[in-house]
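The values are calculated or read from the model by the stated rules, or taken from the named source; none is laboratory data. Since the structure is predicted, the reported quantities are computational estimates derived from the model, not experimental observations. All Cβ positions, glycine included, derive from the backbone under ideal geometry; neighbour counts span all protein chains shown.
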Amino acid sequence: MQEVKSVYEQQNRKLSEFMDFVKRYFPYVEKLMPTIKFLRETLNFGDAVIRKLCTFKDVSIRGELYSCEFNQHFKADGAVCSLKQNTEGKIDLNIDGVSHASWFRRKKNEFREVLGMPTKKQNRGIKL
């Protein structure tokens with residue numbers, strides 16, 4: 001039992017040292033983790049695409065992307081995806097030069113227009 005505990009503590013110490021090393025020399029990795037989880041679990045991006053995005057290079061995407069907000073898939077034919085750091089320091093996915101949320105809203109409006117439904121306009125002004 002003592003031997004198992006000793007091996008566990010040694011491996012835990014090595015892992016902790018490795019994590020400290022990564023955080024020290026690659027501080028953006030920790031910021032990337034939530035974005036990677038979103039790309040993998042929500043948008044179902046493959047590892048090759050995620051790896052390329054994590055090098056902060058543009059990636060062209062073909063197929064369908066799923067929006068949790070609208071519970072709908074939207075076609076992406078040659079959409080250019082990239083990771084950008086926002087003003088708060090968070091790393092977000094951009095599609096065709098805009099945030100993924102804005103891209104999905106635009107696609108939803110295009111879908112509604114094709115169906116002949118009015119698009120919802122957001123009132124951002126203040127009425128006096």
Filtered residue count, the range 65-86, keeping only those that are under 16 Å from the mean Cα position of the chain (by Cα) and over 11 Å from PHE104 (Cα atoms)
8
Quick test of your reading of the structure: LYS120 fulfils all but one of (1) of a type in the set (Lys, Arg); (2) touching a strand residue (DSSP E or B) at 6+ places or on another chain (Cβ under 7 Å); (3) modelled with pLDDT under 90. Name the failing condition by number.
(2)
Residue pairs within 9 Å by beta carbon, gap of at least six or interchain, first lying in the range 84-113 and closer than 17 Å to GLN72 by Cα and touching a residue at least 12 places away in the same chain (Cβ under 8 Å), second of a type in the set (Lys, Arg) and in a strand (DSSP E or B), listed first then second, are LYS107/LYS75
Out of the range 44-64, which residues are surrounded by 12 or more Cβ atoms within 10 Å (Cβ to Cβ) and either in contact with a Cys (Cβ under 9 Å, 6 or more places away or on another chain) or over 21 Å from ARG105 (Cβ atoms) (or both)?
PHE45, VAL49, ILE50, ARG51, LYS52, LEU53, CYS54, PHE56, ASP58, VAL59, ILE61
